[in-house]
Amino acid sequence: MLNNLFGGSGAEVYITVSPSCGLELMEVDKSGNIKSYAHTALTYNEAQREIADYNEFKTALETLFQMRNINPAKAHIHLSIPTVWFGLKEGIPLLVDDTAIDNIVLGELEQTYIFKRKDPMPVWFEATASTNTDSRSVFYSAVQKESIEQIKEIITALGATLVSVECSLFADLKALAYTNIAAEQMQEGHSWSLMIINNSGFQLLGMLGKKILEYYEEPLPIKSYEGEEIYSAIENAAQIALMSTPSSSLMIISETDLVSAEIMASRLQFSGETLFIEDNQFRKEPLTEMSLNILQEDQIKVSLHSIGCIAPDGLIPICVNFIAEGGKSKAVVEEVVIPIDLGGGKVFELTPTKALIIIGVIGAIFGGTVFGAFKYTENQCTKAQNQITELDNQITQLDSEIKAFESKNGDSGFDALAEIERVLQNNTTKIKVFAALGESIPKDLYLTYFMTGNDGMINIKGCADTVEDVYVFFKNLKESLLESKLRISKLDLKSGTLDTIISSTASTVDNAPYIFEITNMDDNQLKSFMDKLSGKASDNKNNKDNKDNNNSQPAQTNNNNEVTEPTN
């Protein structure tokens, strides 16, 4: 009431737009507690992925402020809208800077049907790094620039300020962390999948803890189906995508009233744990605990999207704000004021700006020490450079002596550089495989067998502590050997009782519970190779018995570069 009468410092208001819930409003106090909630209908154009009528949006927004008796003047509005576009761009050279990536992302967006007519307002962020250091990958998202400008004009006309704009995808991820619904899935190193169903189809995200590894979107005209047809269409489209993503659990969120997440979870064939969240008319309980200020009938209407909108930054690694400066995603942090009691009724307010000034003064005081350390380091670098120059002179002198010797005694006929080049050319494939293998092995994964032949065939066997280790090893290996056509031909538990696997504490090759096989051979080639390997194993056993009887016999090798000892 005081804010309405005297203006105050403005309320923190969170607005969400969604096709199923319309327009939702939440007011949050300085402590982050929800003070009030209201919602009203709003038409959303799902084909163009934007608000259908901005005059209707203005009327609906004014209605929500009146319903909750909130003065819009000086209000700080945080807006979250449905995800318009999300994609992945791979293979960007490491030398490309952020400005060039902005242009690359714009080029990708301009090829989509949504942004051919309207300018995009993009953001992007780095994808999870792999052991392949030759390139980088980025995820990117965008909204229509014209749409955000119209919304900003409406909010400004009400006397409020638009602070941030994010999309439902990241709001949902923040909500899962904020409510602890996905607390187990979002643990560090946990591999899981997230499926979000809406009226336009579904999105499938491959997750590692709180990080996005993969993204797949399947457009489906769900509104054109009826009853059982909807579930069959989603099941057929999603089953193939789920099979290609090794995950220990699957979480399904339904944001449409046409699909029950619970029924969808019971229909999908998934080997791991399956969880579901009803973010629609099928919801029976509130998604999180709320204040008594919100009526019980309203609590059950609060969407996961709205909960994620009010969740604080930092719950997930990425914070997206489309109206922040620059295209690279970053968190928007309000200025923090820390009151410090100086005694005698005096209070010093410490802000980040004042803190920087204090740090500058401290830095000036210790500047002499830093300068002295710099001069010492410079002297050491000069000495090291002199030593390098001396070694270069010695190398030059030795080269001169070698040439003089060759001119005096004649050419021996052996060209070392030509011989090295010939060996490298004959073994290029094997060298690449060995290099990729060395770069790709995770900490708790062991190789028990490895073969690469002159014909380009590769066969790798091993064991690991977790399925995630196998997934990271396979993905990194494929990125390093793009044309090898590798595949996971086997992924299973070791034979033995479950109690033996559970009681294992130390991470060793004997205790690792999961065994796997990766190859680029087809089933017939693999069978033929295994038959040949079985015969070779018998020969090796006979050779070993003979070696035990006669220690003077040397070890045997072959041209296939086989390794049968456990390697970490």
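Listed conditions (1) surrounded by fewer than 13 Cβ atoms within 10 Å (Cβ to Cβ); (2) more than 21 Å from residue 271 (Cα to Cα); (3) of a type outside the set (Val, Ile, Thr); (4) modelled with pLDDT under 75 are all met by residue 510, apart from (4). Looking at 203, 239, just one residue is under 19 Å from residue 278 (Cα atoms) and of a type outside the set (A, V, I, L, M), and that residue is 203.
Among the residues of segment 106-116, none qualifies, meaning not one is over 17 Å from the mean Cα position of the chain (by Cα) and part of a strand (DSSP E or B). Residues that are of a type in the set (D, E, K, R) and touching a residue at least 24 places away in the same chain (Cβ under 8 Å) within segment 211-270 comprise 211, 214, 217, 223, 235, 255, 257, 267, listed in sequence order. It is to be established whether one or more residues within segment 98-111 are of a type in the set (D, E, K, R), exposed (fewer than 15 other Cβ atoms within 10 Å of the Cβ) and not assigned by TED's automatic domain parsing to the domain that holds residue 214. The answer is yes, given that some residue of segment 98-111 is of a type in the set (D, E, K, R), exposed (fewer than 15 other Cβ atoms within 10 Å of the Cβ) and not assigned by TED's automatic domain parsing to the domain that holds residue 214. If you check every pair at least six apart or on different chains, which have Cβ atoms under 6 Å apart with a residue in segment 474-497 that is aliphatic (A, V, I, L, M) first and a residue that is modelled with pLDDT under 80 and not in a strand (DSSP E or B) second? Listed pairs, sorted by first residue: 477/436; 477/440; 481/436.
For every residue, the table says whether it meets (1) more than 30 Å from residue 295 (Cβ to Cβ); (2) surrounded by 15 or more Cβ atoms within 10 Å (Cβ to Cβ); (3) modelled with pLDDT of 90 or more; (4) in the same structural domain as residue 303 (by TED's automatic domain parsing).
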| site | (1), (2), (3), (4) |
| --- | --- |
| 66 | no, no, yes, yes |
| 81 | no, yes, yes, yes |
| 93 | yes, no, no, yes |
| 131 | yes, yes, no, yes |
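The number of residues in segment 6-64 being within 22 Å of residue 283 (Cβ to Cβ), small (Gly, Ala, Ser), at pLDDT below 90 and in a loop (DSSP other than H, G, I, E, B) comes to 1.
The values are calculated or read from the model by the stated rules, or taken from the named source; none is laboratory data. If you're wondering where the values come from, they're calculated on a predicted model, not measured in any experiment. We place every Cβ from the backbone using ideal geometry, glycine too, and count neighbours over all the protein chains shown.
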